[in-house]
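Scroll down for the structure; my scribbles are underneath it.
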Amino acid sequence: MNKILYSLLIISITLAGCKTEGCTDQDAVNWNADADTFDGSCLYEGQAVLWYGEEVATEKQQFATSYSFYSDGQIVGSQAVTMFWTSSPDCGQQSSITITKDMGNNTSMSASYEVIDDQGYTVWEGIINFQANTCLSLELTL
């Protein structure tokens with residue numbers, strides 16, 4: 001009987017000392033709360049919301065009726081020129097133009113953006129510097 005208890009005690013101590021590998025960074029999309037040993041597997045995502053106010057909508061509706069929003073050459077959304085915000089919307093908020101960037105194992109990454117009107121003219125363009133687990137707000141102005 002003592003051998004069985006001794007064996008169970010050894011097994012318990014051995015299992016308690018085992019390390020759980022995984023992503024230990026809480027800012028990662030694949031964070032593992034049970035992991036106690038970093039294994040390099042963390043993956044990150046960043047977001048940016050593009051918006052403009054009433055002044056832009058009023059001024060620009062003379063020239064176009066809709067905008068198409070692109071990031072790194074890929075369309076991410078479109079909306080009527082008359083759609084505006086009185087303050088910055090949250091990333092992912094209904095009717096907002098939110099760019100979500102899969103950043104792999106990088107905690108920061110740059111991407112281009114471009115807004116083209118329905119006449120084919122580029123109205124805004126630039127670079128967004130994404131940060132892991134962050135919502136950036138980019139107001140488009142005149």
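For the subset of region 18-40 comprising residues that are part of a loop (DSSP other than H, G, I, E, B), surrounded by 10 or more Cβ atoms within 10 Å (Cβ to Cβ) and touching an Asp or Glu at 6+ places or on another chain (Cβ under 8 Å), which member is modelled with the lowest pLDDT?
Looking at residues that are part of a loop (DSSP other than H, G, I, E, B), surrounded by 10 or more Cβ atoms within 10 Å (Cβ to Cβ) and touching an Asp or Glu at 6+ places or on another chain (Cβ under 8 Å), I get 20.
Go through region 79-92 and report how many residues are surrounded by 14 or more Cβ atoms within 10 Å (Cβ to Cβ), within 22 Å of residue 112 (Cα to Cα) and out of contact with any helix residue (DSSP H, G or I) (no Cβ under 8 Å at 6 or more places or on another chain).
Residues meeting the conditions: 4.
Tell me which residues, restricted to region 69-106, are polar (S, T, N, Q) and within 18 Å of residue 137 (Cα to Cα).
The initial filter retains those residues of region 69-106 that are polar (S, T, N, Q), namely 71, 74, 78-79, 82, 86-88, 93-96, 98, 100, 105-106.
71, 78, 79, 86, 87, 88, 93, 94, 95, 96, 98, 100 - these are the residues of region 69-106 that are polar (S, T, N, Q) and within 18 Å of residue 137 (Cα to Cα).
Since residue 75 meets every condition but one in (1) crowded, with 16+ Cβ neighbours inside 10 Å; (2) free of Cβ contacts under 8 Å to residues at least 40 places away in the same chain; (3) of a type in the set (A, V, I, L, M), which condition does it not meet?
Among (1) crowded, with 16+ Cβ neighbours inside 10 Å; (2) free of Cβ contacts under 8 Å to residues at least 40 places away in the same chain; (3) of a type in the set (A, V, I, L, M), residue 75 violates only (1).
Would you check if there is a residue in region 69-80 being over 22 Å from the mean Cα position of the chain (by Cα) and either assigned to a strand (DSSP E or B) or not small (Gly, Ala, Ser) (or both)? Show your work before the answer.
Taking region 69-80 as the starting set, the residues that turn out to be over 22 Å from the mean Cα position of the chain (by Cα) are 80.
The next check asks that each one be either assigned to a strand (DSSP E or B) or not small (Gly, Ala, Ser) (or both); those that pass are 80.
Yes, that holds for at least one residue.
The values are calculated or read from the model by the stated rules, or taken from the named source; none is laboratory data. Everything quoted here is computed from the prediction, not taken from an experiment. Note that we place each Cβ from the backbone using ideal geometry, even for glycine, and neighbour counts take in every protein chain shown.
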